[in-house]
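*Asks:* I have a structure here, written as structure tokens, and I will follow up with some questions on it.
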Amino acid sequence: MYKLTDYDSIIRIEDGASIPKDKANSDYVEYLKWLKAGNVALDADKPTPPTYQELRVREYPPVADYLDGIAKADDLQVQRYIDECLAVKLKYPKEKQK
């Protein structure tokens, strides 16, 4: 049995081998014969959407900006960091627990 991917390869379920879509590859030729015999590969996994935490992490400013502001006693820089973090929190609010 085989499983499709979102890439240019197929996964052979029995051993997890990734088979490139290349007719010079003997495993791919076997896959094509398997299909021709009426078999159907499993669909590719659907990507899961990122959580609000993952989205936040991608957009938070670097913590080094905050630490630099503290080290320099630059209240404006520290406040700017806090404001940027709060804006990200508003953009990606906590998901309600199910």
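The values are calculated or read from the model by the stated rules, or taken from the named source; none is laboratory data. Just so you know, these numbers come straight off a predicted model, no measurement behind them. Quick reminder, even Gly has a Cβ in these numbers, built from the backbone with ideal geometry, and neighbours come from all protein chains shown.
*Asks:* Restricting the stretch 1-13 to residues that are at pLDDT below 95 and of a type in the set (D, E, K, R), which is farthest from L42 (Cα to Cα)?
*Replies:* By that ranking, first place goes to D8.
*Asks:* Further, regarding this structure: For the stretch 52-84, enumerate the residues that are of a type in the set (A, V, I, L, M, F, W, C) and not in a helix (DSSP H, G or I).
*Replies:* A73
*Asks:* Taking the stretch 1-54 as the search range and keeping residues that are among the hydroxyl-bearing types (S, T, Y) and under 30 Å from K96 (Cβ atoms), which one is nearest to the chain's Cα centre (by Cα)?
*Replies:* The qualifying residue nearest to the chain's Cα centre (by Cα) is T48.
*Asks:* While we're here: Taking the stretch 1-51, which residues are hydroxyl-bearing (S, T, Y) and part of a strand (DSSP E or B)?
*Replies:* Y2, S9, S18
*Asks:* Separate question: How many residues does the stretch 43-89 contain that are over 30 Å from R12 (Cα atoms) and either among the small types (G, A, S) or touching a residue at least 60 places away in the same chain (Cβ under 8 Å) (or both)?
*Replies:* The total comes to 5.
Quick grid of which residues meet (1) closer than 22 Å to Y92 by Cβ; (2) out of contact with any strand residue (DSSP E or B) (no Cβ under 7 Å at 6 or more places or on another chain):
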residue	(1), (2)
Y7	no, yes
R12	no, no
S26	no, yes
L35	no, yes
A41	no, no
E54	yes, yes
Y66	yes, yes
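*Asks:* Pick from the stretch 11-42 the residues that are touching a residue at least 12 places away in the same chain (Cβ under 8 Å) and of a type in the set (K, R): which of them is surrounded by the most Cβ atoms within 10 Å (Cβ to Cβ)?
*Replies:* R12
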